[in-house]
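The structure under discussion appears below in the form of structure tokens.
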Amino acid sequence: MKSAAQLQELLRQIDHRPYPAYKDTRGSYRFEHYVLSIDHVQGDPFAAPSKVSILVPGQTAGFDRCFYDSDHRRVALEDHLLRRLAARIREYSFRAKGSGKSGLLEISVPGQEILRRSACEVDPESGDVTLRMEIGFPANGRTINSGELVKILFEFLPVCVRQTALSQAYRREELKASADLADDQQFIRENLSEMGLCAFLANGSVLPRKSGVSALPMKDAVPFRSPASLEVTFDLPHRGPVKGMGIRKGVTLIVGGGYHGKSTLLKALELGVYNHIAGDGREFVITDDTAMKLRAEDGRSIQKSDISMFIRNLPSGRDTSCFSTQDASGSTSQAAATVEAMEMGARLFLIDEDTSATNFMIRDELMQRVVSREAEPIIPFIDRVRELYETWGISTVLVAGSCGSYFHKSDWVIQMKQYEPLEITDFARKEAKQFPLAPQEPEKAAAPSFQRTAGRDPSFAEEERVKIKTLGRDGFCINRETVDLRYVEQLTDPEQLTSLAYMVKYLKRSVFDGKHTLREAVERLYGEIDKKGFSAFCGAQTPGNLAMPRRQELFAALNRCRELIRLL
């Protein structure tokens, strides 16, 4: 390892030389408080910025072990450091001048959700802090301007590190507040099931967002308040008693007029699988962390899924216990999404009538009289929703604006009225008696087969030949294949999709063996992640633009990779 002085001398020597001479700077250099590693140098000033990492030893960083002695506290600390660092980096970006991306300083900017990110990692054993960012190495035209890079590396970065990666830069109360919030959120998450709940929304929560393109809380929004009949209390370790609406296990129907807050409530539950930062308004909206939002997805691929509990007796005679298509209909795509969520262990389904296939959700009595059950291949979700809970232990929260038949199947009915929830279960049941369902029920479904596997892909054997590109929050490209994730709605950050691309690449190259099921492969990968972090699937040169997705989203991505899956 070289010294900072040696780096400075090297930069002096290559000043005014052609831009490729910057590649001589690759390596590690010891500064006063940290080690700077120049991991990748851009080819020219107009290319993607250079990648650097900073390692602050635990003794130097000095953070009390109590702030990273559990997973949820460590992630909260990492998130806290990263938010401050991102703000500081922004102040210095482009203060060094030059052509192209010269002087750019860039690092991940977290949103409202607290996600595990590769941009800032705290080692759970040593307390070492690793920061990863991108820097545009300065040039005039394509000639090195190392004087400007000296400003970045020897003036700007040391200030940023001192102000963000050392414990002395923080008030202990500030770090404690972040850790305490993480403890309280984790306490609710761990105790949901014991209290018979699948979700919790604290009184006073702010569910509406500022706009359709902003995740910030809406100003002057109506604070959420639970109906008395559904109110429960959590006695949190730090905050003390917190009251709110408990959504109990079973089938919950959310109804109400348009624009009264039904979908807003459901969206908050969707993202309640993640913890949220203080001030977001949804800090104590906590959902079972296996919950999956289900919807129709016309045109998606389905690979050897057993959808026979919902679709069978197709006129073509196709086997729906091993169903494949490259262009799914609304009903088959939603059936596949439901079974795939079961396969990955979901304990809660979240469904919005507006984004569902009507013929998958319901067939009214008149339609059943005109088109008999024997002539219809689809067994609608309404005929399985009770069975899913009573046999499989899977609860459902359904938003409905026009489908009253679900009143008959629901354990609880919540009406949203001007963003206020009202519990109307008894009234809804009384009214539903005047509109009885057709008496015929389908036979109980056989257990779906979850014996799908995937084999190793030989084209992924050579690491450097596998190309990855993230398409914002729409999906990713891996080699020539595009994986469409637009309708996997619980993905909240583009960096999660970048991680998914690396994960799929790693699974195809190293884990899939044609012997273990798809779920077993996913669980094996996450077991390695628990031990090694992001390096488990992207190697020693971990990029700084990764955020951890859930198992459920990785499983969803794999199910949207065409020609991937086999059967045992």
Inset, instruction - Could you figure out which of (1) over 24 Å from the mean Cα position of the chain (by Cα); (2) surrounded by fewer than 15 Cβ atoms within 10 Å (Cβ to Cβ) isn't true of Val213? - result: (1)
Legend entry - Filter result (without any contact (Cβ under 8 Å) to a residue 60 or more places away in the chain and farther than 22 Å from Ala61 by Cα) within the stretch 169-196: Phe187, Glu190, Asn191, Glu194, Met195, Gly196
Inset, instruction - Return the total of residues in the stretch 7-34 being surrounded by fewer than 18 Cβ atoms within 10 Å (Cβ to Cβ) and touching a Phe, Trp or Tyr at 6+ places or on another chain (Cβ under 7 Å). - result: 1
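Identify, from the list Lys532, Lys505, the residue that is of a type outside the set (A, V, I, L, M) and either more than 13 Å from Ser118 (Cβ to Cβ) or under 15 Å from the mean Cα position of the chain (by Cα) (or both). Walk me through it before giving the result.
Details: Lys532 fails: either more than 13 Å from Ser118 (Cβ to Cβ) or under 15 Å from the mean Cα position of the chain (by Cα) (or both).
It is Lys505.
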Inset, instruction - Can you give me the number of residues within the stretch 147-173 that are surrounded by 23 or more Cβ atoms within 10 Å (Cβ to Cβ) and of a type in the set (Ser, Thr, Tyr)? - result: 1
Legend entry - Scope the stretch 205-217; condition out of contact with any Gly (no Cβ under 8 Å at 6 or more places or on another chain) and either touching a residue at least 60 places away in the same chain (Cβ under 8 Å) or under 26 Å from Ser395 (Cβ atoms) (or both); matching residues: Arg209, Leu216
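Could you pull out the residue among Tyr526, Tyr506 that is of a type in the set (Ser, Thr, Tyr) and under 20 Å from Arg74 (Cβ atoms)? If you could, list the steps in order and put the result at the bottom.
Details: Tyr506 fails: under 20 Å from Arg74 (Cβ atoms).
The conditions single out Tyr526.
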Legend entry - Residues located in the stretch 281-311, provided they are within 30 Å of His238 (Cα to Cα) and touching a helix residue (DSSP H, G or I) at 6+ places or on another chain (Cβ under 8 Å): Arg282, Glu283, Phe284, Val285, Ile286, Thr287, Asp288, Asp289, Thr290, Ala291, Met292
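Across the stretch 354-376, which residue is farthest from Cys198 (Cα to Cα) among those that are outside any helix (DSSP H, G or I) and modelled with pLDDT of 95 or more?
Kept after step one, since they are outside any helix (DSSP H, G or I), are these residues of the stretch 354-376: 356-357, 362-364, 371-372, 376.
So of that shortlist, the ones also modelled with pLDDT of 95 or more come out as 356-357.
Values: Ser356: 22, Ala357: 25 Å.
Going through the qualifying residues, I end up with Ala357.
Condition test on Phe200, is it touching a strand residue (DSSP E or B) at 6+ places or on another chain (Cβ under 8 Å), within 30 Å of Met292 (Cα to Cα) and surrounded by 21 or more Cβ atoms within 10 Å (Cβ to Cβ)?
It is true that Phe200 is touching a strand residue (DSSP E or B) at 6+ places or on another chain (Cβ under 8 Å), within 30 Å of Met292 (Cα to Cα) and surrounded by 21 or more Cβ atoms within 10 Å (Cβ to Cβ).
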Inset, instruction - State yes or no: is Lys467 surrounded by fewer than 12 Cβ atoms within 10 Å (Cβ to Cβ), in contact with an Asp or Glu (Cβ under 9 Å, 6 or more places away or on another chain) and either free of Cβ contacts under 8 Å to residues at least 24 places away in the same chain or over 26 Å from Gln326 (Cα atoms) (or both)? - result: no
Legend entry - Filtered residues of the stretch 232-249 (kept if among the small types (Gly, Ala, Ser) and out of contact with any Ser or Thr (no Cβ under 6 Å at 6 or more places or on another chain)): Gly240, Gly246
Legend entry - Selection from the stretch 413-426 of residues that are under 20 Å from Gly258 (Cα atoms) and outside any loop (DSSP other than H, G, I, E, B): Val413, Ile414, Gln415, Met416, Lys417, Glu420, Pro421, Leu422, Glu423, Thr425
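Quick one: is Ser331 in contact with a strand residue (DSSP E or B) (Cβ under 7 Å, 6 or more places away or on another chain) and over 21 Å from Leu554 (Cα atoms)? Talk me through it step by step, then tell me what you get.
Details: in contact with a strand residue (DSSP E or B) (Cβ under 7 Å, 6 or more places away or on another chain): yes; over 21 Å from Leu554 (Cα atoms): yes.
For Ser331, the condition - in contact with a strand residue (DSSP E or B) (Cβ under 7 Å, 6 or more places away or on another chain) and over 21 Å from Leu554 (Cα atoms) - is met.
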Inset, instruction - Determine whether Ile277 is aliphatic (A, V, I, L, M), modelled with pLDDT of 95 or more and buried (at least 20 other Cβ atoms within 10 Å of the Cβ). - result: no
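Residues are listed down the side, and each one gets a yes or a no for (1) buried (at least 20 other Cβ atoms within 10 Å of the Cβ); (2) farther than 24 Å from Gln8 by Cα:
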{"residue": "Ser37", "(1), (2)": "no, no"}
{"residue": "His40", "(1), (2)": "no, no"}
{"residue": "Pro45", "(1), (2)": "yes, no"}
{"residue": "Ser50", "(1), (2)": "yes, no"}
{"residue": "Val56", "(1), (2)": "yes, no"}
{"residue": "Phe67", "(1), (2)": "yes, yes"}
{"residue": "Leu81", "(1), (2)": "yes, yes"}
{"residue": "Glu91", "(1), (2)": "no, no"}
{"residue": "Arg95", "(1), (2)": "no, no"}
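For the stretch 134-154, which residues satisfy the criterion of being within 25 Å of Glu121 (Cβ to Cβ) and free of Cβ contacts under 8 Å to residues at least 60 places away in the same chain? Explain how you work it out, then say what you get.
The initial filter retains those residues of the stretch 134-154 that are within 25 Å of Glu121 (Cβ to Cβ), namely 134-137, 152-154.
Passing the criteria: none in range.
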Inset, instruction - State which residue pairs qualify: first residue in a loop (DSSP other than H, G, I, E, B) and inside the stretch 377-394, second residue of a type in the set (Asp, Glu) and surrounded by 15 or more Cβ atoms within 10 Å (Cβ to Cβ) in any location, beta carbons under 9 Å apart, and separation of 6 or more residues or different chains. - result: none
Inset, instruction - Answer yes if at least one residue in the stretch 507-519 is in contact with a Phe, Trp or Tyr (Cβ under 6 Å, 6 or more places away or on another chain), outside the structural domain of Glu297 (by TED's automatic domain parsing), among the basic types (Lys, Arg) and surrounded by fewer than 19 Cβ atoms within 10 Å (Cβ to Cβ), and no otherwise. - result: yes
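If you take the residues of the stretch 433-454 that are within 30 Å of Leu507 (Cα to Cα) and touching a residue at least 24 places away in the same chain (Cβ under 8 Å), which of them is surrounded by the fewest Cβ atoms within 10 Å (Cβ to Cβ)?
Residues of the stretch 433-454 that are within 30 Å of Leu507 (Cα to Cα), as a first pass: 447-454.
Among the residues that remain, those that are also touching a residue at least 24 places away in the same chain (Cβ under 8 Å) are: 448-454.
Values: Pro448: 19, Ser449: 16, Phe450: 18, Gln451: 14, Arg452: 22, Thr453: 20, Ala454: 22.
Checking each candidate, the answer is Gln451.
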Legend entry - Hits in the stretch 268-317 - residues which are under 14 Å from the mean Cα position of the chain (by Cα) and among the hydroxyl-bearing types (Ser, Thr, Tyr): Tyr274, Thr287, Thr290
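The values are calculated or read from the model by the stated rules, or taken from the named source; none is laboratory data. None of the values given here were measured: they were computed from a predicted structure. No Cβ is skipped: glycine too gets one built from the backbone with ideal geometry, and neighbour counts run over all protein chains shown.
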